[in-house]
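*Asks:* One structure, as C-alpha cells, below. Some questions next.
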Amino acid sequence: MLPGKEPIKTREDDSKESLLKEIRERADYANTAWKHNFDAAQEDIKFLAGEQWPDYIKQQRELKQRPCLTLNKLPQYVDQVLGDQRQNRPAIKVHPTEANVAGGGEDDPQQMQNLTGKVNYSLAEVYEALIRNIEYNSKAEAHYDTAFQHAVEGGFGWLRVLTKYSTDDAFEQDLCIKSIHNRFAVLMDPDADEPDFSDANWCFIGERMRKKEFEKRYPEAVRGDLIDSDRGEYSWWVSEEGIRVAEYFWREPKNRTLLLLSDDRVVWEDEVKPVLDELMEMGVTEKRRRKVKTYIVKWAKVTAYDILEGPVTWPGRSIPVAPVLGKEMTLGDKTYYRGLIRFGKDAQRMHNFWMTAATEKSALAPKAPWVADAESIEGYEEEWANANVDNQSVLRYNARNDVPPPQRNQGTPMPTAELQIAMSFTDEMKATIGLYDASVGAQSNETSGKAILARQQQGDRGTFAYNDNLARAIGRIGDICVELIPKVYDSERVIRIQFEDSTGDWLRINQTIMDEETQKPVMVSDMAQGKFDVTVKSGPGYQTQRLEAADSLIQFAQAVPSSAAVLADLIAKNMDWPGADEISKRLKKILPPGILDQDEADELGIQPPQPTPEQQATMAKAEADMAGAEADKAKAEADTARAQADMAKAEADTEEARAKLAEIERDAMIAGPGSIEETVRNLVAEAMSELMSQGQQPRQVAGNT
C-alpha cells in the first residue's frame, strides 16, 4: 500500500447514523468520478445497438418522409474480438512461494492423497485444481465472457467472488465466481492506484428494486423521502422507478497479533483465542508473536437511509471485486476507459449518411422515359403509358419508314460520388478500430497466405490489450481465491478437484488423525499450510490443443512412416470423436512389445506374450549356458581361493622355519662350537622321525644317513 492511500475511518464514530453518512458521501463522490466513463459507455452501447442517428435529425427526416438508413458495420468487429477471446481462454496457474509446499515424492508429508490412495498431489496442484472446479461449478466461462464483452463494448466490466452454501442442507460453504450484469451499478473507489483495483478501500454494487418488492422483502426498513432528489448526496440513490439497494464493502485498518505455534502453524490470535486452551492441552504452545498492522474487510447491504443487513466481516483482506478494463487513457485527474468502437462512431455515422443520400437520390430520380412519334404509337397509347409500371413482354408500335422506332431515353446515372464517399468512410472505420479485411475474413489486397496471416496478426496485436486486461482480471480472481480457500474450506470435508482435461478426483482435507507415537491429534491435508502466488496462462483451450496435437501427430506420422505404428493410440486419443478413448485403449493393446511401461500395461490388463516352443528352447539353452558359465566361474574362484590358501600356508611355514633357525643360531652361539654338530644331528633325527610318522621314507644323502 502506497503512503497516503491506507484506509482510514472517515466517520466520527461507529454509530449507524455516522456509517450512513459515510455511505452517502462515498457514493456521491464515486458517482461523480465515474460519470464521464458511464456516459461515454452508455453512448457507445446505444450506438452499437443501432441508435446511430441524432434524435433531432431523425425526427426531421421522418416528418418529411425521408429515408434514415442505419447500415451497422460495427458489430462484426466486436464479434471478431469476442470470438478470438473465446478461442484463447486464460487459465489460472498456482505456484508455491515456499519450498516446503513445492511437492516432492510420494512420501512427502505435504502431498495429499485422493480417496483411492493411488495418486498424490502437491498442495499447489490441489489449489489450482480446486479453483478450476470452482470455475466449473460457477460457470465462470460465461461470466468471463460477459465481463469481457462489457469491456469491449463500453470500456469496463466487473467480476466478483462470493461465498455460498454448498447445498441447501449443509453448513459448508463454497466459493463462487460471478460477473456483474449491470456494469453501471458498480462504484469502485476512484482513489485506488493499482491497475486491478486490489488496493481499493471501498466499493458499491447496487441494484434497482421495485418499491413493492422492497416493502415485502424489508418491511421494517426506512424508505426515506424519495421525492426529494435535490440533495447531491442522494443523487445515486433516488429514483422514481424504485429504490437503490447496494452491497457496500469497505476496509478498515486493524492492529492484530500474529502467533507462531509449536507445530509451525501461523495464526491470528483473535481467531484462535477461543481454542488456545484446547491447543495447550494437545501440546501446542506459542513460540513467537508479533504485532501486525493489517486490514479487515466488512460488508453490509444498505440504502441511503438504512442498513438492511450486516455489517459482517468478510474473510479476505481486499475487496473481492475485479475490473475487466478496456483501453486506458489518463488526462489530468481523469482516467478514461474506452471500448473498441469509441473512435469508429463518426466514420459509421458518415457511412450511414452518405449511403442514405445515395439511396434517396436514386429513389427520387425519375425513371427513364420512352421517346416515340405520336403516330407510331397511335392505338397503343395505354400499353406505352404503363411501360414503366407493368412488365410487358411486347410493346407494339406503328412502323414508319420516315420515322425511327420508339427509343428509351438514358436514365439518371448512379450517384457515384455519394457511394465513393460512403465506401471511403468504411475504410476510415477499419483504420480507427484497427481491424482490416483480413482480420474479419473478407478478401483484401493480400494475395499470399503469409501476407494474409501477417495482416491478421497485426489486427490481433491492435486488440490484444483487451485480452491482456481480461487475463489480469482473472489473475486477480485467482489471488482472491487463493486468499479465501484456507478460510472457507477450513473444516474436515471431501472436495472435488478438476484437471485441465476435465477429469477429476476427490480429496479429504483438514483431516485430524491420532499420532500413534505421541497420542496427540495431528491435522493432515491442511489447506492453510502453504503460501502461493498466481499467474495466468493464455492460449487455445484444452479441446483446441487436442485437435492441434492430433493434426501435428498425423503430419509427423506422414513424414516418418515408421513411427505411425507407435503413434496411432495417441492420435486417436486426441481426436474429438465419440469413443475416442476406447479406440485409443484398443490401439494400445496392439502396440509392439516394449512401448508401454509396466504401469500402462497393468492398467490395460495386458499380459506378456507367451514364447513359442523354439523361443522356449532357445531361452532354456541360453539359461543352461549361463548356468554352466556361472559354475565354471565359481570353480575358478574356488581354485583361486585354494591356491591363495596354500600360498598363505607356505609363507607361514617359511616364517616359522626362519624363526627356528634364528633360535638355533642363538643357542649355538651360546653353547659354543662343540655343540653345533650335536644340535644338527638332533634336528635331522627329529625331521626323519616326523617323515616316518607321515609314512614317507627319508632319502639318503651322500656321506650321511
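The values are calculated or read from the model by the stated rules, or taken from the named source; none is laboratory data. All values derive from a computational prediction rather than experimental measurement. Cβ placement follows ideal geometry from the backbone for every residue including glycine, while neighbour counts extend to all protein chains displayed.
*Asks:* Return yes when residue 235 is touching a Lys or Arg at 6+ places or on another chain (Cβ under 9 Å) and more than 30 Å from residue 175 (Cα to Cα) and no when it is not.
*Replies:* Against the criterion (touching a Lys or Arg at 6+ places or on another chain (Cβ under 9 Å) and more than 30 Å from residue 175 (Cα to Cα)), residue 235 does not qualify.
*Asks:* Count, please, the residues in region 303-334 that happen to be part of a strand (DSSP E or B) and in contact with an Asp or Glu (Cβ under 8 Å, 6 or more places away or on another chain). Write out each step before concluding.
*Replies:* Going residue by residue through region 303-334, those that are part of a strand (DSSP E or B) are 307-314, 321-325, 327-331, 334.
Next, only the ones that are in contact with an Asp or Glu (Cβ under 8 Å, 6 or more places away or on another chain) stay: 322-323.
Going through region 303-334 one residue at a time, the tally reaches 2.
*Asks:* Can you tell me which residues in region 198-208 are farther than 17 Å from residue 251 by Cα and crowded, with 18+ Cβ neighbours inside 10 Å?
*Replies:* Once the filter is applied, which keeps residues that are farther than 17 Å from residue 251 by Cα and crowded, with 18+ Cβ neighbours inside 10 Å, region 198-208 yields only 206.
*Asks:* Of the residues that sit in region 153-192 and are closer than 30 Å to residue 83 by Cβ and over 26 Å from the mean Cα position of the chain (by Cα), which one is surrounded by the fewest Cβ atoms within 10 Å (Cβ to Cβ)? Give the derivation first.
*Replies:* Applying the first criterion (closer than 30 Å to residue 83 by Cβ) to region 153-192 yields 153-162, 175-186, 188.
So of that shortlist, the ones also over 26 Å from the mean Cα position of the chain (by Cα) come out as 184-185.
On the way: 184: 18, 185: 16.
Checking each candidate, the answer is 185.
*Asks:* Shifting gears a bit: Looking at 374, 304, 357, 368, which is the one that is buried (at least 20 other Cβ atoms within 10 Å of the Cβ) and modelled with pLDDT under 90?
*Replies:* Every option except 304 fails the conditions.
*Asks:* Do we find a residue being of a type in the set (Gly, Ala, Ser) and part of a helix (DSSP H, G or I) anywhere in region 392-400?
*Replies:* No: region 392-400 contains no residue that is of a type in the set (Gly, Ala, Ser) and part of a helix (DSSP H, G or I).
*Asks:* I would also like to ask the following. Which of the residues belonging to region 380-425 are touching a Lys or Arg at 6+ places or on another chain (Cβ under 7 Å) and in contact (Cβ under 8 Å) with a residue 60 or more places away in the chain?
*Replies:* 418
*Asks:* For residue 195, work out the one condition from (1) buried (at least 16 other Cβ atoms within 10 Å of the Cβ); (2) in contact (Cβ under 8 Å) with a residue 40 or more places away in the chain; (3) farther than 30 Å from residue 503 by Cβ; (4) of a type outside the set (D, E, K, R) it doesn't fulfil.
*Replies:* All conditions are met except number (1).
*Asks:* Here are some conditions: (1) part of a strand (DSSP E or B); (2) within 25 Å of the chain's Cα centre (by Cα); (3) aromatic (Phe, Trp, Tyr). Residue 144 meets all but one. Which one does it not meet?
*Replies:* Of (1) part of a strand (DSSP E or B); (2) within 25 Å of the chain's Cα centre (by Cα); (3) aromatic (Phe, Trp, Tyr), only one is false for residue 144: (1).
Residue by residue, here is whether (1) under 30 Å from residue 54 (Cα atoms); (2) among the hydroxyl-bearing types (Ser, Thr, Tyr); (3) touching a strand residue (DSSP E or B) at 6+ places or on another chain (Cβ under 6 Å); (4) not in a helix (DSSP H, G or I) holds:
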{"site": "340", "(1), (2), (3), (4)": "yes, no, no, yes"}
{"site": "346", "(1), (2), (3), (4)": "yes, no, no, no"}
{"site": "355", "(1), (2), (3), (4)": "yes, no, no, no"}
{"site": "363", "(1), (2), (3), (4)": "yes, no, no, no"}
{"site": "373", "(1), (2), (3), (4)": "no, no, yes, yes"}
{"site": "383", "(1), (2), (3), (4)": "no, no, no, no"}
{"site": "390", "(1), (2), (3), (4)": "no, no, no, yes"}
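*Asks:* Now a separate question. For residue 331, which of the numbered conditions (1) surrounded by fewer than 16 Cβ atoms within 10 Å (Cβ to Cβ); (2) within 18 Å of residue 476 (Cβ to Cβ) fails to hold?
*Replies:* (2) is the only condition that residue 331 fails.
*Asks:* So if I check each of 655, 630, 665, 651, which one is at pLDDT below 75 and either over 60 Å from the mean Cα position of the chain (by Cα) or part of a helix (DSSP H, G or I) (or both)?
*Replies:* Just one listed residue meets the conditions, 665.
*Asks:* Also, I was wondering about something else. Only one of 197, 214, 171, 204 is of a type outside the set (D, E, K, R), assigned by TED's automatic domain parsing to the domain that holds residue 249 and assigned to a helix (DSSP H, G or I). Can you tell me which?
*Replies:* Among 197, 214, 171, 204, only 214 is of a type outside the set (D, E, K, R), assigned by TED's automatic domain parsing to the domain that holds residue 249 and assigned to a helix (DSSP H, G or I).
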